[in-house]
Amino acid sequence: MKSKIFIDGDSGTTGLGIRDRLSGRTDLELIALPQAQRKDLSAKQQVLSEVDLTILCLPDDAAKETVALCDALGTKAPRILDASTAHRTAPGWVYGFPELCAYQAQAIASAHRVANVGCYATGAIALLRPLIDAQLLPSSYPLAINAVSGYSGGGRQMIESYEKGEAAAFELYSLSHQHKHIPEIMAYARLEKPPIFAPSVGNFRQGMLVSIPLALDALPIKITASDLQETYQRHYHAAPHVHWVAAPPTGRLDALALNNTDDMELFVFSNEALRQIILVARLDNLGKGASGAAVQNLNLMLKKTQ
């Protein structure tokens, strides 16, 4: 029997990416509201009562509104996969990063409500959580996280600004130290203190690099680049979409190299003489950072193998 799926908010970049990835799937039936009924809450609730799972690709307040509609359905409510920021650290929601730890994929598969991971958080947590779990990096270590994303992650106004040629070639933003991904990075990387997070956007549509510098002599235990590499290899050895990759000798990385894939690569750039390391995650902010991650979670929730 086909699973019935309703994408609530399928006109944005994440929703369109999910719909594109699901097109042609014979095991799913995508249910849509007519355009004239998109803001009709009673019509939406009727659709929600008829589907197996809904994917929310909405602003936070609108996502909360749809969740309230599901709550009112009681036993007729569908399972929910929320791609907004609204529920990533909320009680009762499972965090949608299957590679987080050994049991996370099963937790997602069993969950009624899953919060899809944020794009920057995907890279940061992938780099930090294995090191903290292995006690190579203290959870109290003062961290700085730098990141650059393609403009497609910035919403409709930013996309229009870049595509009209009106935006800066490169800009730092969210310099108030209050970026919306910080709470989930802290929660799921197991950090005791907020990291200094400096996100930026470049004049390219999609692609992402997340980098974290480490001064090895500032750590309480003596570690090497090999220790970090081996930890990543162990942690992600069975992960189909996350891979440790040897750092290229050029010391350069193209942010666009994984565009149109659902994969993420992790690198350890080291200078043993200086005892300095830069950890880097590379991904497509619309792939593993958004739509691709959502489809991965969908497959787990529906116990699909695609």
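The values are calculated or read from the model by the stated rules, or taken from the named source; none is laboratory data. Keep in mind the model is a prediction, meaning the values are calculated, not measured. Positions of Cβ are backbone-derived with ideal geometry, glycine not excepted, and every protein chain shown enters the neighbour counts. Each accessible area value is taken on the protein alone, full model and side chains, heavy atoms only, with ligands, DNA and RNA left out. Shrake-Rupley method; radii C 1.70, N 1.55, O 1.52, S 1.80 Å.
Details
- Residues in region 7-26 that are part of a helix (DSSP H, G or I), open to solvent by less than 40 Å² (accessible area, probe 1.4 Å) and in contact with a strand residue (DSSP E or B) (Cβ under 7 Å, 6 or more places away or on another chain): GLY15, ILE18, LEU22.
- Scanning region 43-61 for residues that are among the aliphatic types (A, V, I, L, M) and under 16 Å from ALA90 (Cα atoms) turns up just one, LEU56.
- Of all residues in region 252-302, those being within 21 Å of GLY17 (Cα to Cα) and among the basic types (Lys, Arg) number 2.
- Matching residues in region 39-62 - criterion: being under 25 Å from the mean Cα position of the chain (by Cα) and without any contact (Cβ under 8 Å) to a residue 40 or more places away in the chain: PRO59, ASP60, ASP61
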